[in-house]
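The values are calculated or read from the model by the stated rules, or taken from the named source; none is laboratory data. No experiment lies behind these values; they were computed from the predicted model shown. Cβ coordinates were reconstructed from backbone atoms using ideal geometry, including for glycine residues, and neighbour counts include every protein chain displayed. Calculation scope for accessible area: heavy atoms of the full protein, side chains included, ligands and nucleic acids excluded. Shrake-Rupley method; radii C 1.70, N 1.55, O 1.52, S 1.80 Å.
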2 protein chains.
Amino acid sequence: MRRAGLSRERILDAALELVDRDGVAALSMRRLGKELGVEAMTLYYYLPNKDAVLDGLVDRALAGVTVRPEGPWREWARAFAVSFRAALLAHPGLLPLLATRPVSTPGGLLTVEIAAGALVEEGFSPTEALHVITTLATFVIGQVLAEAGRTPGHDQPDPEPPVDPARHPVLAEALAAGLGTPGDHEDRFVYALDALVTGLAPR
Amino acid sequence: MRRAGLSRERILDAALELVDRDGVAALSMRRLGKELGVEAMTLYYYLPNKDAVLDGLVDRALAGVTVRPEGPWREWARAFAVSFRAALLAHPGLLPLLATRPVSTPGGLLTVEIAAGALVEEGFSPTEALHVITTLATFVIGQVLAEAGRTPGHDQPDPEPPVDPARHPVLAEALAAGLGTPGDHEDRFVYALDALVTGLAPR
DNA sequence: CTCGCTCTCTTACGGTGTAAGAACGTATCT
DNA sequence: AGATACGTTCTTACACCGTAAGAGAGCGAG
């Protein structure tokens, strides 16, 4: 019964690696234990339950997302959205989790407070400021869901849904023009982000 | 061994009711069978597997969402977003599913094609048109996720995350002003939707 | 009556999260 | 050195999950 040198951090490391590799559906306590050379129940010494593992992963994925409110607000707001998107795309397997868990970590709240404070100085009311932030965050989540979408296991590369050019001419033409390619996702994101940020303003 | 008078439709009815009541996490084949007075395996006569049940539910939830491209495009686009949001809010328990499954039903594709065609006549390129549609759809999904959010079981009413007014003055003020109330969600939605639609334009 | 078809059930397998508590390895104290 | 305590890991067990395989019940048609 060798000591395995475990810790919450090491467990989350392995869990993140597992999720990145095989998707969130493949994350089970037994499987995670095996990855660490340990029985499933051992993990419960470090984490109260599986939800705590998932929460830890979400936390970790969002850890690097911050906001630096300097200069014109539209600019740093855009920068925030871009870095948020990058963080989400770094671990697509976590998306289903990220999308359905509200922001409630201390770090997340702090980021929100900082951004909201800066927006208030730009003339937004506190309520409006939070609307802007929530809008930006959910906008990014929605975009990335469409981009990396699919379901948990990021499996099927592309079963090519039957897009019949006769039935769907516009759709077919756009697909032929490269819709759905990586560069296209980037394009759409900045296109839509510009549109959104341009439209946002204090009232 | 009485005939239970089942059908794919009746099963989906029961499944939707179950999900609306107890959340998607509570939907299991055995449980669904019990709801219909039948053993779990019986359901497999009508549906090939559980995923088919989930797909059926998503289909059903989105069945009523259509687009009527008449008049100024910004107006019918807004109307589409509003009706899409209403459809999502009608079955919040399905949100985790709706968010992670791409639109691939025949009806969904047709709606997309119609809207894209109308946008092309407004001067958008086919690619741009699909960008607009995807952006609108994901925007709505993101907004509703934030609105009805939480996790599967729509359980805990509000554990009140510790918003310390000293640490988060702006956040606290906005909360005091009614942030998070139903009316507020509506406000934010139209606020953000206006901003987005205003910013969208052919290039 | 019997065949055949439609529908439902039984049984079984390998998976899941996790509660309870036993057993091991090591450090410390006498 | 031996005993004790503690931190860590494992074993066992339970209730649940999705579903493969096939047996059986009920019914209408020949």
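Exactly one condition in (1) outside the structural domain of residue A:193 (by TED's automatic domain parsing); (2) closer than 26 Å to residue A:116 by Cα is not met by residue A:26; state its number.
Status for residue A:26: all satisfied but (2).
Any idea how many residues of segment B:123-142 are hydrophobic (A, V, I, L, M, F, W, C) and not in a helix (DSSP H, G or I)? Can you show your working first?
First, pick out the residues of segment B:123-142 that are hydrophobic (A, V, I, L, M, F, W, C): B:124, B:129-130, B:132-133, B:136-137, B:139-141.
Pick out the ones that are also not in a helix (DSSP H, G or I) and you get B:124.
Qualifying residue count for the region: 1.
Matching residues to (1) within 20 Å of residue A:168 (Cβ to Cβ); (2) in contact (Cβ under 8 Å) with a residue 60 or more places away in the chain; (3) within 16 Å of DNA strand D (Cβ to nearest atom):
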{"residue": "B:5", "(1), (2), (3)": "no, no, yes"}
{"residue": "B:20", "(1), (2), (3)": "no, yes, no"}
{"residue": "B:24", "(1), (2), (3)": "no, yes, yes"}
{"residue": "B:38", "(1), (2), (3)": "no, no, yes"}
{"residue": "B:67", "(1), (2), (3)": "yes, no, no"}
{"residue": "B:75", "(1), (2), (3)": "no, no, no"}
{"residue": "B:82", "(1), (2), (3)": "no, yes, no"}
{"residue": "B:96", "(1), (2), (3)": "no, yes, yes"}
{"residue": "B:107", "(1), (2), (3)": "yes, no, no"}
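Here is a list: A:77, A:63. Which entry is open to solvent by less than 20 Å² (accessible area, probe 1.4 Å) and within 30 Å of residue A:134 (Cβ to Cβ)?
Details: A:63 fails: open to solvent by less than 20 Å² (accessible area, probe 1.4 Å).
The unique qualifying residue is A:77.
Suppose we filter A:123, A:108 for residues that are out of contact with any Leu (no Cβ under 6 Å at 6 or more places or on another chain) and within 20 Å of residue B:192 (Cα to Cα); which single one remains?
Working: A:108 fails: within 20 Å of residue B:192 (Cα to Cα).
Sole residue among the options that is out of contact with any Leu (no Cβ under 6 Å at 6 or more places or on another chain) and within 20 Å of residue B:192 (Cα to Cα): A:123.
I need the full set of residues from segment B:101-136 which are at the interface with chain A (Cβ under 8 Å from one of its Cβ atoms), within 22 Å of residue B:185 (Cα to Cα) and open to solvent by less than 20 Å² (accessible area, probe 1.4 Å), in order please.
Within segment B:101-136, B:135 is the sole residue that qualifies.
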